[in-house]
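Visitor: Take this structure first; my questions come after.
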Amino acid sequence: MAHPSQLGFQDAASPVMEELLHFHDHALMIVFLISTLVLYIMVAMVSTKLTNKYILDSQGIEIVWTILPAVILVLIALPSLRILYLMDEINDPHLTIKAMGHQWYWSYEYTDYEDLGFDSYMIPTRNLTPGQFRLLETDFRMVVPMDSPIRVLVSAEDVLHSWAVPSLGVKMDAVPGRLNQTAFIASRPGVFYGQCSEICGANHSFMPIVVEAVPLEHFEFWSSAYQNDA
């Protein structure tokens with residue numbers, strides 16, 4: 001999860017997020033190179049009185065600074081489109097979960113099970129136990145098996161919401177009357193935190209998302225125990 005004074009992204013917990021981190025570093029390096037070149041040219045123009053008549057009117061230079069930006073844009077666009085298609089690809093999910101946004105909490109329904117669903121509310125500050133995070137912990141976590149393709153169907157009951165978990169590389173709008181879908185694979189066990197990313201009202205900042213990735217056998221035990229308790 002994020003920590004104070006953090007400048008970069010959260011550690012990747014899914015293959016898609018790893019690709020996004022690589023693309024971020026790739027694009028940022030191009031931006032650094034362009035910024036350095038522009039800064040050098042500006043300093044050189046200001047700090048010298050010499051003038052080169054071939055630079056003032058040169059078709060060769062004009063061709064270069066027309067073609068070079070086009071090549072740079074292609075180098076940025078190709079990996080971007082590749083990741084965009086990867087994020088939209090949903091092949092044979094092992095588990096489907098429906099996430100419904102409400103004012104102001106999330107409800108989850110495991111559609112592959114007969115009776116497995118619950119509401120997820122934020123734990124008030126006064127009820128937190130040592131080790132829990134303020135404004136991020138929920139009373140019921142969305143438990144998923146690791147190394148398994150998970151499809152999430154996202155919608156809303158009342159107003160616009162957005163189901164987002166940064167470390168999993170997932171962010172999907174929850175629109176009333178519309179069923180959006182996204183997918184992720186948790187590549188390691190852990191607890192991953194997210195929040196509603198759409199300004200949805202007075203308690204917008206009080207409807208966190210907690211995804212807990214566990215080994216498959218632990219997930220099967222949890223689902224059986226929850227259904228028996230229900």
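Visitor: Can you go through 57, 25, 11 and tell me which one is more than 30 Å from residue 211 (Cβ to Cβ) and among the acidic types (Asp, Glu)? Walk me through how you get there before you give the answer.
Guide: On the way: 25 fails: more than 30 Å from residue 211 (Cβ to Cβ); 11 fails: more than 30 Å from residue 211 (Cβ to Cβ).
Just a single option satisfies the conditions, and that option is 57.
Visitor: Given the criteria touching an Asp or Glu at 6+ places or on another chain (Cβ under 6 Å) and modelled with pLDDT of 95 or more, does residue 162 qualify?
Guide: Numbers: touching an Asp or Glu at 6+ places or on another chain (Cβ under 6 Å): yes; modelled with pLDDT of 95 or more: yes.
Taking the combined requirement at face value, the residue satisfies it.
Visitor: Out of the residues in the range 105-128 meeting the condition of being at pLDDT 90 or above and open to solvent by 70 Å² or more (accessible area, probe 1.4 Å), tell me which one is nearest to residue 207 (Cα to Cα).
Guide: 121
Visitor: Just checking, how many residues over the range 67-104 are of a type outside the set (A, V, I, L, M), open to solvent by less than 90 Å² (accessible area, probe 1.4 Å) and either more than 31 Å from the chain's Cα centre (by Cα) or over 27 Å from residue 30 (Cα atoms) (or both)? If you could, list the steps in order and put the result at the bottom.
Guide: As a first pass, look at the range 67-104 and keep what is of a type outside the set (A, V, I, L, M): 69, 79-80, 82, 85, 88-89, 91-94, 96, 98, 101-104.
Retained after the next criterion (residues that are open to solvent by less than 90 Å² (accessible area, probe 1.4 Å)): 69, 79-80, 93, 96, 98, 101-104.
Adding the requirement that they be either more than 31 Å from the chain's Cα centre (by Cα) or over 27 Å from residue 30 (Cα atoms) (or both) leaves 93, 96, 98, 101-104.
The qualifying residues number 7.
Visitor: Here's a follow-up. Take residue 37 and tell me if it is at pLDDT below 90 and out of contact with any Gly (no Cβ under 9 Å at 6 or more places or on another chain).
Guide: On the way: at pLDDT below 90: no; out of contact with any Gly (no Cβ under 9 Å at 6 or more places or on another chain): yes.
Spelling it out, it is not the case that residue 37 is at pLDDT below 90 and out of contact with any Gly (no Cβ under 9 Å at 6 or more places or on another chain).
The values are calculated or read from the model by the stated rules, or taken from the named source; none is laboratory data. Just so it is clear, the model here is predicted, and its values are computed rather than measured. Every residue, glycine among them, receives a Cβ derived from its backbone with ideal geometry; neighbour counts consider all protein chains shown. Keep in mind that these areas ignore ligands, DNA and RNA; they rest on the heavy atoms of the full protein, side chains included. Shrake-Rupley method; radii C 1.70, N 1.55, O 1.52, S 1.80 Å.
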